Amino acid sequence: MDFNIRANCEQCSQGTFMSAQGFLDNSDTINLKCPNGHETTAFNAAPRYALYFDKGISSFIDENYYEAFGWIYTSLEIFRKEFVKTVLNINHDIKPSILDNTYDKVFKSSERIYGAYSAAFLMIFGKNPEDKTFPYPLPQEVASHRNKLFHAGELQEVESIKIDCYKIYSHMRYVYGKFSKSGISHMQMYTSEGYSQWCADNHFTDEDVMSRKVTIYNHSLSSFQPNVGIDVDSTDGLPSFEELIEKELSLRLHKHLFNQ
């Protein structure tokens with residue numbers, strides 16, 4: 001799946017926009033080039049679960065409900081893995097590169113991912129993710145609906161898919177916001193922490209950074225809104241599913257005008 005990435009060219013003095021299109025793969029590198037010929041290598045600091053979630057909302061708008069549920073459930077699985085790695089990073093000071101190399105090799109099934117997530121979740125919140133006393137639990141019926149849809153070919157009602165997608169969103173967004181320090185999500189900090197290791201792995205120098213040939217790409221235009229503080233404890237803190245749809249529609253319009 002390809003993503004169009006557009007960002008300000010930091011090497012231009014007139015605010016020219018540089019753009020690049022590429023495939024979202026396992027690399028955190030985005031190669032950008034502006035109309036003036038400036039080439040910039042960017043570190044992707046946009047959480048992949050946020051990118052996948054946005055794809056799901058976009059698919060729902062296009063009435064591709066099967067695809068929408070697939071994107072959003074995949075977003076959940078990626079979120080669970082990132083949560084586990086963040087907990088280990090914070091509690092045991094393990095570098096992101098070591099966690100990525102270790103856990104990306106063993107997280108090959110939903111059962112393993114969920115098992116690790118449940119253990120890490122218990123360490124942080126003192127409950128399991130399905131506990132009904134947790135503000136936004138994620139019941140196993142969501143996984144059951146997913147299995148029936150993708151493994152048994154049993155079609156789900158649109159309203160059922162919508163409810164499941166929102167349960168996934170509210171659970172992820174609450175955990176993301178609650179697992180924080182000084183108003184900043186630990187998961188956001190974990191994603192950004194990989195930048196230094198990325199620079200070292202790619203042998204980028206301080207001169208490369210100072211010349212703005214190396215930068216960080218942050219996905220600020222997102223219906224998941226990873227960079228926006230939300231009062232998750234407030235009764236009206238989380239947006240409704242309809243508001244997520246409206247947000248994505250407004251982002252579509254923004255992107256359309258931006259690309260003209």
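Structure values in brief
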read-out: Search result, residues across region 1-56 that are at pLDDT 80 or above, acidic (D, E) and over 13 Å from the mean Cα position of the chain (by Cα); value: E39
read-out: Hits in region 91-111 - residues which are under 20 Å from the mean Cα position of the chain (by Cα) and either within 29 Å of K162 (Cβ to Cβ) or of a type in the set (D, E) (or both); value: D100, D104, F107, S109, S110
read-out: Filter result for R173 (touching a helix residue (DSSP H, G or I) at 6+ places or on another chain (Cβ under 7 Å), modelled with pLDDT under 95 and part of a helix (DSSP H, G or I)); value: no
read-out: All positions within region 119-135 that are in contact with a helix residue (DSSP H, G or I) (Cβ under 9 Å, 6 or more places away or on another chain) and surrounded by 13 or more Cβ atoms within 10 Å (Cβ to Cβ); value: A120, F121, I124, F125, K127, N128, P129, E130, D131, F134, P135
read-out: Residues of region 203-215 satisfying the condition of being out of contact with any helix residue (DSSP H, G or I) (no Cβ under 9 Å at 6 or more places or on another chain) and part of a loop (DSSP other than H, G, I, E, B); value: H203, S211, R212
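Each row is one residue, and each column tells you yes or no for (1) under 30 Å from D201 (Cα atoms); (2) touching a Leu at 6+ places or on another chain (Cβ under 9 Å); (3) basic (K, R); (4) assigned to a helix (DSSP H, G or I).
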{"site": "K85", "(1), (2), (3), (4)": "yes, yes, yes, yes"}
{"site": "D104", "(1), (2), (3), (4)": "yes, no, no, yes"}
{"site": "E111", "(1), (2), (3), (4)": "no, no, no, yes"}
{"site": "A116", "(1), (2), (3), (4)": "yes, no, no, yes"}
{"site": "T133", "(1), (2), (3), (4)": "no, no, no, no"}
{"site": "Q156", "(1), (2), (3), (4)": "no, yes, no, no"}
{"site": "I163", "(1), (2), (3), (4)": "no, no, no, yes"}
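The values are calculated or read from the model by the stated rules, or taken from the named source; none is laboratory data. These numbers were taken from a predicted model, which means no experiment stands behind them. So basically every Cβ, Gly included, is an ideal-geometry build from the backbone, and we count neighbours across all protein chains shown.
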